[in-house]
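The values are calculated or read from the model by the stated rules, or taken from the named source; none is laboratory data. Remember, predicted model here, so these are calculated numbers, not experimental data. Cβ sites come from the backbone with ideal geometry, for glycine too, and all protein chains shown count toward neighbours. Heavy atoms of the whole protein, side chains included, go into the accessibility calculation; ligands, DNA and RNA do not. Shrake-Rupley method; radii C 1.70, N 1.55, O 1.52, S 1.80 Å.
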Amino acid sequence: MNRVHNFGAGPAQLPIEVLQSAAQEFLDYKGLGLSILELGHRSSEFEEVLASAKERLIRLLNIPEDYDILFLQGGATLLFAGIPLNLLHYKAGYLISGNFSNKAYLEATKYGNAEILANSKDQDFREVPSLDSCPQDLDYVHICQNNTIYGTQYHRLPTTGDVPLIADVSSCFLSAPMDISKYGAIYAGVQKNAGPAGLSITVIKKSLVKKAQDICPTYLDFGLQLKQNSMLNTPNTWAIYLTNKVFEWIENAGGLAQMEMRNREKSQLLYDFLDESQLFSARAKPSSRSIANVVFSTGSEELDAEVIAEAKKENIVGIQGHRLIGGMRASCYNAVPKSSVLALRDLLYQFEKNKR
Ligand code: PMP
């Protein structure tokens, strides 16, 4: 089997063991004579899958008892609306660190009073904005913790006092341990570090789940969904099943501390190379560099295109930068092995050498 070196930003590489295990039981799930795709969501077998996913997630993230978990469809984008529809009653504050945090902010303005507290647009989003002082009359403060497009990340969370911090953690979910008690809620589309597209996971403090806004669609009403165990309607059974397998893979690999060690090592290999290089440079300021998404370029569109084409010949794919900023991006999520990162680094090294 010819597996490529896949640096895609999402949907991203999944652990081969997970794919193999799913393939093995694809046609006949647990001797039931049907595929998991054909299994009813109210069956005891599927309820077992959902319960197992929940238990594993609680263990992995060490989720305190006063938090609940939601498994919803619609990706992080639907939660851009879900958060204000459930939590915004007076005013919310948003930190703008890139495209997705801005989308979240714009969505919130449709449903209430949302204001921008800090913005790093003037810095070309090469760093995350800091919050010098936080107004205390807010329902919540929203951040995007890892900025997939610009390759930046909060290494220290903003201080919000008594105001709950809500974080879009789509591209850093389960890539390292995190202290859930510091957040009012975290949410993520799982298609980067933890599963296939079509599923989002929200971990939310129970006390924040109150009455949703009257216009909130039934599907997005967190209180209703929690009462129904994320099964108010048919959930994405396939994505939950596969994500549960990824959780198991992470546990078997040593948990989130192990993921963090591997991920830091992988991105550091690339950043070290980029810092030495005369041709390539990393986009983000060192203090804000993302562990997950290493964004870089030569500074020339033509050369970048050449690199991407050369990489493809070596089975290195998914390194094209986001269309908003061009350049290149290597996403070093959990399932990307160090050997792929070394292959990419060698290619960049050779490319530069050949240009001298
Ligand atoms: N937030 C971040 C940080 C993302 O990277 C993405 C997708 N790349 C989104 C939100 C949007 O997620 P989805 O496609 O799951 O709606």
**Prompt:** When you go through Ala309, Ala282 one by one, which is the residue that is out of contact with any Leu (no Cβ under 7 Å at 6 or more places or on another chain), open to solvent by less than 60 Å² (accessible area, probe 1.4 Å) and on the phi < 0 side of the Ramachandran plot?
**Reply:** Ala309
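Take the residues in the range 183-193 that are over 8 Å from the mean Cα position of the chain (by Cα) and closer than 25 Å to Glu248 by Cβ, then tell me which one is nearest to the ligand (Cβ to nearest atom).
Taking the candidates together, the pick is Tyr187.
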**Request:** Being over 17 Å from Phe100 (Cα atoms) and open to solvent by less than 10 Å² (accessible area, probe 1.4 Å) is the filter; apply it to the range 165-182 and report the residue that is nearest to the ligand (Cβ to nearest atom).
**Result:** Leu174
**Item:** Unique match (being away from the ligand (no atom under 16 Å from the Cβ) and in a helix (DSSP H, G or I)) among Asn86, Asn102
**Value:** Asn86
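Can you confirm whether the range 166-180 contains a residue that is within 19 Å of the chain's Cα centre (by Cα) and either more than 25 Å from Glu251 (Cα to Cα) or part of a helix (DSSP H, G or I) (or both)?
Yes, because at least one residue in the range 166-180 is within 19 Å of the chain's Cα centre (by Cα) and either more than 25 Å from Glu251 (Cα to Cα) or part of a helix (DSSP H, G or I) (or both).
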**Gly223, sole failed condition from (1) more than 16 Å from the ligand (Cβ to nearest atom); (2) of a type in the set (Gly, Ala, Ser); (3) closer than 30 Å to Ser35 by Cβ** = (3)
**Asked** Is it the case that the range 56-70 has a residue that's touching a residue at least 12 places away in the same chain (Cβ under 8 Å), within 16 Å of the ligand (Cβ to nearest atom), touching a Lys or Arg at 6+ places or on another chain (Cβ under 8 Å) and aromatic (Phe, Trp, Tyr)?
**Response** no
**Message:** If I filter the range 132-146 down to residues being assigned to a loop (DSSP other than H, G, I, E, B) and modelled with pLDDT of 95 or more, which single residue comes out as surrounded by the most Cβ atoms within 10 Å (Cβ to Cβ)?
**Reply:** Gln145
**Message:** I want to confirm something. Restricting to the range 72-97 and keeping residues that are open to solvent by less than 60 Å² (accessible area, probe 1.4 Å) and out of contact with any helix residue (DSSP H, G or I) (no Cβ under 9 Å at 6 or more places or on another chain), which single residue is nearest to Val190 (Cα to Cα)?
**Reply:** Gly75
**Request:** Under 6 Å between Cβ atoms, at least 6 apart or on separate chains: pull out the pairs that start in the range 97-122 with a residue that is under 15 Å from Ser170 (Cβ atoms) and end on any residue that is among the polar types (S, T, N, Q) and within 12 Å of the ligand (Cβ to nearest atom).
**Result:** Ser97/Asn147; Gly98/Asn147
**Candidates Glu65, Glu38 - the one that is more than 25 Å from the chain's Cα centre (by Cα), surrounded by fewer than 17 Cβ atoms within 10 Å (Cβ to Cβ) and over 30 Å from Gly318 (Cβ atoms)** = Glu38
**Request:** Evaluate the range 40-47: report whether one residue or more is closer than 15 Å to Gly195 by Cβ and more than 16 Å from the ligand (Cβ to nearest atom).
**Result:** no
**Message:** I'd like to check something: does the range 2-12 contain any residue that is within 16 Å of the ligand (Cβ to nearest atom), closer than 30 Å to Leu344 by Cβ and not in a loop (DSSP other than H, G, I, E, B)?
**Reply:** yes
**Request:** Check off (1) surrounded by fewer than 18 Cβ atoms within 10 Å (Cβ to Cβ); (2) within 16 Å of the ligand (Cβ to nearest atom) for Phe125 and give me the number that stays unchecked.
**Result:** (1)
**Message:** With the requirement that a residue be buried (at least 24 other Cβ atoms within 10 Å of the Cβ) and over 25 Å from Gly112 (Cα atoms), what does the range 183-229 give you?
**Reply:** Val190, Gln191, Lys192, Asn193, Ala194, Gly195, Leu199
